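Here's the structure we're looking at; comments come further down.
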Amino acid sequence: MTQTTETATQEVDIVPVGQVPPLGVVPKKMHAWVIRPERFGEPTKSFQTEEMPVWDIGPDEVIVQVMAAGINYNAIWAGLGEPVNILKSHGLDFHIAGSDASGVVWKVGSAVRNWKVGDEVVLHCNHLVEAGVSDLQTIWGYETPDGSFAQFTRAQAQQLLPKPKDLTWEDAASYGLTYFTAHRMLIDRAEIQPGEDVLVWGGGGGLGVFAIQLCKAAGARAIAVVSSDEKAKLAMELGAHGVINRKDFPNLQYRPPETPEQTKARFQDMKAFGKKIWEILGEKKSVEVVFEHVGQRTFPASVWLASKYGRIVICGATTGYELTFDVRHLWMQQKRIIGSHFADADSSQRANRLVQQGLVRPVMTKLFTWDEIANAHQEMYENKLHGTVSALVGAPKPGLKNYEETLEAMKG
Ligand SMILES: NC(=O)c1ccc[n+]([C@@H]2O[C@H](COP(=O)([O-])OP(=O)(O)OC[C@H]3O[C@@H](n4cnc5c(N)ncnc54)[C@H](OP(=O)(O)O)[C@@H]3O)[C@@H](O)[C@H]2O)c1
């Protein structure tokens, strides 16, 4: 697809949601879900639709017509104004959230060489503070104001990845943040090897569904921990070697402060949990890698359950950041704790190729419409969602996979 001179010179004020202007014509304004400090609060209060000017871009940036956007918890934090007022990081008095998207490149900056108008893309959310300096990263759509809950988003060209052709817009928008994080944790940081065994906490959650698939793709065996039969079924379908329902081991959870009796009960459940792992593996063997993001409740068990020389890789702490564990188990058995945070352009590209090759697939559990974007975040805030979730933005209906099909659907 190429931009024609005729369309590039047209002027458009704004188009309705579910319609697009001619390819490459950037309207003056766009519809967007906007957060403002005066309405900080729960998502149904903080998210409101407004008409906003479309972004100007710099030489290394692009405008993408968003077809679908992934729903992530960081937009809820942005709307709450907690734990930090994220608008202070970019200095504007409004914020458009959204750190996952699929769409069509609509305009490119003067220095962009690898992408052109009409390219179908997904975006990773690692936004470089200084182009070329990979360790100075901010999260696009969280620490930057120009995220994907709008008809048009602004991004750095280095954030673009080819959209896997076989996926719908909504599936393609659903996986970036969680999948690229899991990929970074297991492949780049823990460096899982064929034949290794990996304990995956939250095997039915956003990170976990990808951790299981990555283990399989790497020739490792995932033991998924879940809390329901539904999630156990999903984990096995995704290629887990076995599952453990954590509800069978209620005392394993660390809840400080503990009485001596509670500590004893916890160790008994940890041992029983370890035996369950042996049962699944068919031998008295520990897991070489533990995939951690639960934090305080599970971390002592994670350190204890990892094998000699084992690795505990961690990117988050859903149940609390203050981690307490018996460090003797770490030093005596020479285990390692490895921190990991999102991903960079290189690892996102390698991860995306596995999706393009069909070795990893998105697991979208619920799809919302444009009008439901505030409610989608409210449901996530109220813990009513699981897996990965996305919303239609520019795509007029679900199931569309490319721009041609989308234009046809818009006519109908
Ligand atoms: N640093 C980064 O770049 C980065 C990126 C993405 C996510 N994160 C963080 O990683 C964490 C997980 O993200 P996510 O998207 O996977 O969230 P999610 O979809 O909500 O899944 C979290 C999973 O954790 C499990 N869990 C919750 N409480 C637990 C407990 N007490 N014991 C054991 N398991 C428990 C749940 O599984 P069951 O109830 O089925 O066991 C749930 O499926 C979050 O804290 C998030 O902020 C960090």
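Things to note:
- Counted residues, the range 277-300 - those being away from the ligand (no atom under 13 Å from the Cβ) and either within 19 Å of VAL226 (Cβ to Cβ) or in contact with a Lys or Arg (Cβ under 8 Å, 6 or more places away or on another chain) (or both): 9
- Strands (runs of 3 or more DSSP E) wholly inside the range 34-123 that include at least 2 residues being buried (at least 18 other Cβ atoms within 10 Å of the Cβ): 61-71, 101-108, 120-123
- Any hit, the range 318-331, residues being more than 30 Å from LYS45 (Cβ to Cβ), surrounded by 15 or more Cβ atoms within 10 Å (Cβ to Cβ), of a type in the set (D, E, K, R) and touching a helix residue (DSSP H, G or I) at 6+ places or on another chain (Cβ under 8 Å): no
- Of note, ARG336 does not satisfy the criterion of being under 17 Å from the mean Cα position of the chain (by Cα), charged (D, E, K, R) and surrounded by fewer than 18 Cβ atoms within 10 Å (Cβ to Cβ).
Every residue, every condition in (1) more than 19 Å from SER174 (Cβ to Cβ); (2) within 12 Å of the ligand (Cβ to nearest atom); (3) among the charged types (D, E, K, R), yes or no:
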residue	(1), (2), (3)
LEU330	yes, no, no
GLY339	yes, yes, no
ASP371	no, no, yes
GLN378	no, no, no
THR388	no, yes, no
GLU405	no, no, yes
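- Among the residues of the range 189-196, not a single one is surrounded by fewer than 24 Cβ atoms within 10 Å (Cβ to Cβ), of a type in the set (D, E, K, R) and touching a Leu at 6+ places or on another chain (Cβ under 8 Å).
- Those residues of the range 235-269 which are under 16 Å from THR319 (Cβ atoms) and among the hydrophobic types (A, V, I, L, M, F, W, C), in sequence order: PHE249, LEU252
- Residues of the range 173-218 satisfying the condition of being on the phi > 0 side of the Ramachandran plot and within 14 Å of the ligand (Cβ to nearest atom): GLY202
- Residue identified as within 10 Å of the ligand (Cβ to nearest atom) and without any contact (Cβ under 8 Å) to a residue 40 or more places away in the chain among GLY320, GLY310: GLY320
- Lone qualifier among VAL303, VAL360, VAL355 - being modelled with pLDDT of 95 or more, within 16 Å of the ligand (Cβ to nearest atom), surrounded by 19 or more Cβ atoms within 10 Å (Cβ to Cβ) and not in a loop (DSSP other than H, G, I, E, B): VAL303
- Going through (1) modelled with pLDDT of 95 or more; (2) within 22 Å of ALA75 (Cα to Cα); (3) β-branched (Val, Ile, Thr) one by one, ILE312 falls short only on (2).
- Cβ-Cβ under 7 Å pairs, at least 6 apart or on other chains, the range 224-239 side closer than 11 Å to GLY205 by Cβ, far side within 6 Å of the ligand (Cβ to nearest atom) and among the aliphatic types (A, V, I, L, M): ALA235/VAL226
The values are calculated or read from the model by the stated rules, or taken from the named source; none is laboratory data. As the structure is a prediction and not an experimental result, all values here were calculated from the model. FYI the Cβ positions are ideal-geometry reconstructions off the backbone, even for glycines, and counts take in every protein chain you see.
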